[in-house]
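Where a number appears in this text, it was derived from the coordinates with a stated rule and is not lab data. Treat the numbers as computed from the prediction; the structure is a model and nothing was measured. In this analysis, Cβ positions are derived from the backbone assuming ideal geometry, glycine residues included, and neighbour counts consider all displayed protein chains.
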Amino acid sequence: MKFELEAGVGAHPVKLGMKSDELRAVLKAVPKILKEGPDQGQPGEDYDRLGVTLFYRPDGSLEAAVFNRKSLVIWQGRDCFKLGFSELAKALEELDPELEYDSAGCTSFKLGIGFFAPDCEENPDGPIDSVISFAEGYYLQDEEID
């Protein structure tokens with residue numbers, strides 16, 4: 001399935017803020033439930049055949065979508081899984097000069113997009129493993145606030 005990545009929106013037809021039943025309808029599939037219940041952590045659904053894993057807020061709205069190499073993710077006319085990490089990171093950094101890099105990829109908190117490439121330090125032109133689209137605050141949920 002083709003997913004069109006858009007900053008702050010999601011990856012059409014998967015849009016941040018959607019509910020699970022809406023996503024099941026647009027994806028035309030039944031997911032594997034990853035976590036359920038208030039003491040089990042953040043609820044998630046895995047659509048393995050489509051190459052997408054979804055994570056929800058406590059209110060049931062989509063907070064983040066992770067796409068792996070089984071999916072076709074297009075961002076600004078680019079097929080994310082056919083390009084190398086450095087090319088994608090450079091394009092993302094042009095839109096967000098505050099792009100954050102680490103040993104496993106890069107994340108734009110401004111745009112809500114990240115590229116996971118665990119070998120990016122040894123092989124910067126190598127492929128990425130996954131793309132994440134996330135809502136504002138997604139990475140803050142586990143941090144303690146003083």
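Things worth noting here:
- Least to most buried among Asp129, Asp21 (fewest other Cβ within 10 Å first): Asp21, Asp129
- Radius of gyration (Cα atoms) of the chain, expressed as a multiple of 2.2 N^0.38 Å: 1.02.
- Antiparallel bridge percentage (DSSP; both residues within the chain; nearest 5): 90 percent
- Given the chain, longest segment not containing exposed loop GluC sites (Glu not before Pro) (DSSP; at most 13 other Cβ within 10 Å): 37-97
- Linear extension gain, Val26 paired with Tyr101, 0.36 nm per residue minus alpha-carbon span: 23.7 nm
- With respect to the chain, whose longest principal axis is taken over its alpha-carbon atoms, helix 85-95 is tilted by about 80°.
- Net lengthening on full extension, Glu94/Leu72 (0.36 nm per residue, minus Cα-Cα): 5.6 nm
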